[in-house]
Amino acid sequence: MKTVYHKADSRGHANHGWLNSYHTFSFANYQNRDRMNFGVLRVLNDDTVSQGMGFGNHPHRDMEIISIPLEGDLEHKDSMGTTAVIRKGEIQAMSAGTGIIHSEYNKNKDEEAKFLQIWIFPRELNLEPRYDQKNIKDGKKINGFQQILSPNKNDDGVWIQQDVWFNLANFKKGNGKNYMLNKKGNGVYAFVLKGSAKVGDRILNERDGLGIWDTQSFNIEAVEDAEILLMEVPMELPSYLK
């Protein structure tokens, strides 16, 4: 088993006033050759958006974009005609494909919005743009894994155009479980949202990240009550990037 550890305070940071963002991987003005991606996981941004503020219209293409609100509400609009509000307890997935324009704003004037912005390289270029959004709070599992994203349309959670599985791991102190990878050649990036846990042989605290690959499974045990996002992704980049 191989691992790479990213301590929370080692992330890139940009505070634009209305947006306070921490970057696990290189993004915008934060560029680190050793932290460009983890397999097809290209961006993991931990964003806080001020009251009533947000991202104006901007373009994307050839990327699978996932948003997971942690606090507050985000209003989304795009060139496909979608208008939606995503809230804590929901997940949004968007295939930019051949190109989209979208905006995201903190819908509330009296509280911040916090969310994870995640980018995944798709299997291939020039896919048809699409939008997906699901409630995930009703399926929450304690001392287990809750699948919230997969490559399969009929699975739990949203789906994207890549062999990727996301799970939320919620464990009470002292409890744990073994995670089995879904596909050979994949790795898992574990990102702690709350609490602390032992992932493999490493103790992780809030907002720490650990990439794990060249293994079929690994164990998680909560040191404190913990919530962890597990992002299982192909470690080999698509052919169009080689």
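The values are calculated or read from the model by the stated rules, or taken from the named source; none is laboratory data. What you see is a predicted model, and the numbers here were worked out from it, not measured in a lab. Neighbour counts are summed over all protein chains in view; Cβ atoms, including those assigned to glycine, are modelled from backbone coordinates with ideal geometry. Calculation scope for accessible area: heavy atoms of the full protein, side chains included, ligands and nucleic acids excluded. Shrake-Rupley method; radii C 1.70, N 1.55, O 1.52, S 1.80 Å.
Descriptive notes on the structure:
- Region 12-81-region 192-242 distance, computed between alpha-carbon centres (Å): 20
- Taken one residue at a time, the phi angles of region 231-238 give Karplus couplings (6.51, -1.76, 1.60, θ = phi - 60°) of 10, 8, 9, x, 7, 8, 6, x Hz. Gly and Pro are set to x.
- In this structure, the amide hydrogen of Asn108, modeled 1.01 Å from its nitrogen in the peptide plane, lies closer than 5 angstrom to those of Gly52, Asp73, counting only residues at least 5 positions away or on a different chain.
- Amide H contacts under 5 Å for Val43, placed H, 5+ residues apart: Trp119
- Backbone N atoms of region 198-225 closer than 16 Å to the 7 Å Cα→Cβ label point of Asp155 belong to residues 217.
- Between Ser79 and Ser10, the modelled labels are 3.8 nm apart [label points 7 Å from Cα along Cα→Cβ].
- Residues whose placed amide H lies under 5 Å from that of Ile148, excluding near-sequence neighbours: Phe166, Asn167, Leu168
- Residue pairs, from the table Lys114/Lys177; Lys114/Lys198; Lys114/Lys184; Lys107/Lys184; Lys107/Lys177; Lys77/Lys173, whose Cα atoms sit over 31 Å apart: Lys114/Lys184; Lys107/Lys184; Lys107/Lys177; Lys77/Lys173
- For region 47-76, the residues whose backbone nitrogen is under 12 Å from a point 7 Å from the Cα of Leu19, taken along Cα to Cβ, are 47-50, 53-59.
- Measuring r between the beta carbons of Lys2 and Lys88 and using R0 = 35 Å, the FRET efficiency lands at 0.55.
- Across the accessible surface of region 79-119, with the other protein chains kept in place and a 1.4 Å probe, carbon and sulfur atoms take up 45 percent.
- Estimated vicinal HN-Hα couplings, Hz - region 145-159 in sequence order (Karplus 6.51, -1.76, 1.60; Gly, Pro = x): 10, 10, 6, 10, 7, 7, x, 10, 4, 9, 7, 5, x, 7, 10
- Using a simple spin-label model with pseudo-atoms 7 Å out from Cα toward Cβ, Leu70 and Ala28 lie 1.6 nm apart.
- Per residue, the accessible area of the chain comes to 46 Å², computed with a 1.4 Å probe over protein heavy atoms only.
- From the coordinates of this entry, Cα extents along the principal axes in Å is computed, and it appears in (i) 44, 44, 38; (ii) 68, 41, 27; (iii) 71, 42, 38 under the label (i).
- Residue by residue, region 193-201 carries 3J(HN,Hα) couplings of 8, 8, x, 8, 7, 8, 10, x, 9 Hz when phi is fed to the Karplus relation 6.51 cos²θ - 1.76 cosθ + 1.60 (θ = phi - 60°); x denotes Gly or Pro.
- Using every pair of distinct Cα positions in region 158-242, the Kirkwood expression returns a hydrodynamic radius of 13.2 angstrom.
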